[in-house]
Amino acid sequence: MTLLQPSEFSTKIRSPDQPLLRVEDLTRRYGPRIGCAEVSFDLYPGEVLGIVGESGSGKSTLLSCLAGHQRPDLGRIAYDGRDVLAMTETERRRLSRTDWAYVHQNPRDGLRMGVSAGGNVGERLMAVGARHYGDIRAKAVDWLGRVEIAADRVDDRPTAFSGGMQQRLQIARNLVTGPRLVFMDEPTGGLDVSVQARLLDLLRGLVRDLGLSVIIVTHDLAVVRLLAHRLMVMKSGRVVEQGLTDQVLDDPQHAYTQLLVSSVLQV
Amino acid sequence: MTDQHYTFAYLDEQTKRMIRRAILKGIAVPGYQVPFASREMPMPYGWGTGGVQVTAACLTPEDRLKVIDQGADDTTNAVSIRKFFARTAGVATTERTTEATVIQTRHRIPETPLRAGQILVYQVPIPEPLRFLEPRETETRKMHELEEYGLTHVKLYEDIARHGQIATAYAYPVKVEGRYVMDPSPIPKFDNPKLSGSPAIQLFGAGREQRIYALPPWTQVESLDFDDHPFQASKAPHDCDLCGAAHSYLDEVITDDRGGRMFVCSDTDFCAGRRAKGHVGRLGEPA
């Protein structure tokens, strides 16, 4: 099966009735211990799914299985009707460079710190075959503008950027090839609240404008309240509750969710 | 100990056999880095242990060996390696590119065009062209396997962003027959066009990193570039001050502490050959 070129994405008709990502009974064990177990869900185009839970609840394991960084022991993942686990590695890596994006919690994991901001944004373009310096640079400047980084910073290295700017740069670098599905692992972790708020605002705008489907893993309930349409609550590797975000947060059914919601400090 | 205690060309026959296998595999898959069990050689790493092992595996008693270091036949490295093989293999040696059947080189390709039947052996310090961009060996192997070479262009992009042009002047990455990206060893990019379509066999040996790779004759080798910043083989914008050559790669020699300098051919055999034919440069004296 051939993969689409990035330019073809916009012309392809996206059917909102078909799930973009379908996950069935996904299980990943670490020896006798459970990473995550029997997770199933559908993600539709343009939908933002939040995954919350405490540390060690398996949410990061789940995300890395979905993004192809780890291989699940059991279960099925279908992306756009295709079985992800049955793909060759070439296909899967190509998919993760074009159709998918992964935003790391620590921008240092997702950026090349020794390469300028423009080079960071341009890398994905060059990886899919862009060979015109002027075009690559123009696109990099355009994307820096979209994430509110001044155009004259294009040749600075990420080491010269603040934490919030690094995170915005990482987002630009991921979105430049026009992905349809974005994985985010604690995108606001380690940022102070005012920077967090601006980042969330930016993310919300980008998700809406580009019609992205997003899976966002976090332990910050405020982040999912703002961004996510639907919410999954995980504990000990299993999903204990899922539903619409407001519904889950305002009327938690499971004891653990109730504990989680009531643990949030009210200012 | 006398010289008779050595096997022909120093290495034992089983080792040479192992190296020849790696060379054959490298020739079968141009540009692919073949691992081999590199031996300790009686010289430090970085002095050409990889090249010496490849040369030892290629030499026959009838061969005539030339060794160059940065183009010169008379520098320490070149003299030592030439003497090493004269002693351990008893082969004839020469400084003439045209007379040699095996040429071991460090960081240059001779100016005189090579011909069919010659073998050019390069000494390689770091065979992995992606190494400074991606430090993990497991990852670079995967990138070669899956032809994920976008990262090499990131390096060139950075050059243009910072210097306004592709500033990489040596070890300039090339793509072999449209497949493997290869480090041509630290030859100046001036020499890159000579890699392509050469009638000679080109072998690359990296002793410390234990890799051999090869370009069989007439292999197409393309230097990576951008559409709007094409590859340019550059050299100092001067003529040779000894022989007057306009199109050879030049070394800059500081001659005093008042800014005096001269440019001379880095290929000593080429320069001497031209002077013997009567060419005289700006500072040269008629032969």
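The values are calculated or read from the model by the stated rules, or taken from the named source; none is laboratory data. Quick caveat, the model's predicted, so the values are computed rather than measured. Don't worry about glycine lacking a Cβ; one is built from the backbone with ideal geometry, like all the others, and counts go over all protein chains shown. Heads up: the accessible areas ignore ligands, DNA and RNA and are worked out on the full protein's heavy atoms, side chains in. Shrake-Rupley method; radii C 1.70, N 1.55, O 1.52, S 1.80 Å.
Scanning region A:174-208 for residues that are in a loop (DSSP other than H, G, I, E, B) and farther than 18 Å from A:Val224 by Cβ yields A:Val176, A:Thr177, A:Gly178, A:Pro179, A:Arg180, A:Asp192.
Is region A:95-106 home to any residue that is in a helix (DSSP H, G or I), more than 26 Å from A:Thr27 (Cβ to Cβ), over 17 Å from the mean Cα position of the chain (by Cα) and within 14 Å of another protein chain (Cβ to nearest Cβ)?
In the first step, residues of region A:95-106 are kept if they are in a helix (DSSP H, G or I); the result is A:95-98.
Narrowing further to those that are more than 26 Å from A:Thr27 (Cβ to Cβ): A:97-98.
Within this subset, residues satisfying the condition of being over 17 Å from the mean Cα position of the chain (by Cα) are none.
No.
The set of residues in region A:18-42 that are within 25 Å of A:Arg180 (Cα to Cα), open to solvent by 70 Å² or more (accessible area, probe 1.4 Å) and aromatic (Phe, Trp, Tyr) is empty. Which condition does B:Asp159 not pass, out of (1) more than 13 Å from every other protein chain (Cβ to nearest Cβ); (2) open to solvent by 10 Å² or more (accessible area, probe 1.4 Å); (3) of a type outside the set (A, V, I, L, M, F, W, C); (4) within 26 Å of A:Gly129 (Cα to Cα), if it passes all the others? All conditions are met except number (1).
Could you tell me which of the residues B:Ala37, B:Ala57 is touching a residue at least 12 places away in the same chain (Cβ under 8 Å) and in a helix (DSSP H, G or I)? Result of the check over B:Ala37, B:Ala57: B:Ala57.
Picking from B:Ala37, B:Ala57, which residue would you name as being open to solvent by less than 80 Å² (accessible area, probe 1.4 Å), of a type in the set (A, V, I, L, M) and farther than 16 Å from B:Leu203 by Cβ? Don't jump to the end; show me each part of the working.
On the way: B:Ala57 fails: farther than 16 Å from B:Leu203 by Cβ.
Going through B:Ala37, B:Ala57 in turn, the sole match is B:Ala37.
Annotation: of all residues in region A:129-153 being among the β-branched types (Val, Ile, Thr) and either open to solvent by 60 Å² or more (accessible area, probe 1.4 Å) or away from chain B (no Cβ under 13 Å) (or both), the one that is farthest from A:Thr98 (Cα to Cα) is A:Ile149.
Taking the conditions (1) open to solvent by less than 50 Å² (accessible area, probe 1.4 Å); (2) in contact (Cβ under 8 Å) with a residue 40 or more places away in the chain in turn, A:Arg93 satisfies each one other than (2).
Does region B:123-137 contain at least one residue that is touching a Leu at 6+ places or on another chain (Cβ under 7 Å), within 23 Å of B:Gln33 (Cβ to Cβ) and not in a loop (DSSP other than H, G, I, E, B)? I'd like the intermediate steps shown before the answer.
Let us first name the residues in region B:123-137 that are touching a Leu at 6+ places or on another chain (Cβ under 7 Å), namely B:130, B:133-134.
Restricting the remaining residues to those that are within 23 Å of B:Gln33 (Cβ to Cβ) gives B:130, B:133-134.
Cutting the leftovers down to not in a loop (DSSP other than H, G, I, E, B) gives us none.
No: zero hits.
The criterion of being touching a strand residue (DSSP E or B) at 6+ places or on another chain (Cβ under 8 Å) and either among the basic types (Lys, Arg) or more than 8 Å from chain B (Cβ to nearest Cβ) (or both) does not hold for A:Gly163. Among the residues making up region B:65-108, those that are in a loop (DSSP other than H, G, I, E, B), of a type in the set (Val, Ile, Thr) and open to solvent by less than 60 Å² (accessible area, probe 1.4 Å) are B:Thr75, B:Val91, B:Thr94, B:Thr97, B:Thr101.
Every residue, every condition in (1) on the phi > 0 side of the Ramachandran plot; (2) free of Cβ contacts under 8 Å to residues at least 24 places away in the same chain; (3) within 14 Å of another protein chain (Cβ to nearest Cβ), yes or no:
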| site | (1), (2), (3) |
| --- | --- |
| A:Leu49 | no, no, no |
| A:Asp109 | no, yes, yes |
| A:Glu123 | no, no, yes |
| A:Ala127 | no, no, yes |
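Pairs meeting the criteria (first residue in region B:224-245 and more than 9 Å from every other protein chain (Cβ to nearest Cβ) and part of a loop (DSSP other than H, G, I, E, B), second residue surrounded by fewer than 18 Cβ atoms within 10 Å (Cβ to Cβ) and small (Gly, Ala, Ser), beta carbons under 7 Å, at least 6 apart or on different chains) are B:Ser234/B:Ala169; B:Asp239/B:Ala246.
Considered as a group, the residues in region A:68-86 that are crowded, with 18+ Cβ neighbours inside 10 Å and of a type in the set (A, V, I, L, M) include one that is farthest from B:Glu145 (Cα to Cα), and that residue is A:Ile77. Could you figure out which of (1) part of a strand (DSSP E or B); (2) surrounded by fewer than 20 Cβ atoms within 10 Å (Cβ to Cβ) isn't true of B:Glu62? Exception for B:Glu62: condition (1).
The residues of region B:1-26 that are open to solvent by 50 Å² or more (accessible area, probe 1.4 Å), in a helix (DSSP H, G or I), over 22 Å from B:Ala92 (Cα atoms) and not basic (Lys, Arg), listed by number, are B:Gln14, B:Leu24.
Checking each residue in region B:183-224 for being among the β-branched types (Val, Ile, Thr), out of contact with any Asp or Glu (no Cβ under 9 Å at 6 or more places or on another chain) and over 16 Å from B:Ile68 (Cβ atoms) picks out B:Ile201, B:Ile212. When we screen A:Ser60, A:Ser10, A:Ser15 for residues that are crowded, with 16+ Cβ neighbours inside 10 Å, more than 25 Å from B:Leu146 (Cβ to Cβ) and modelled with pLDDT under 90, the only hit is A:Ser60.
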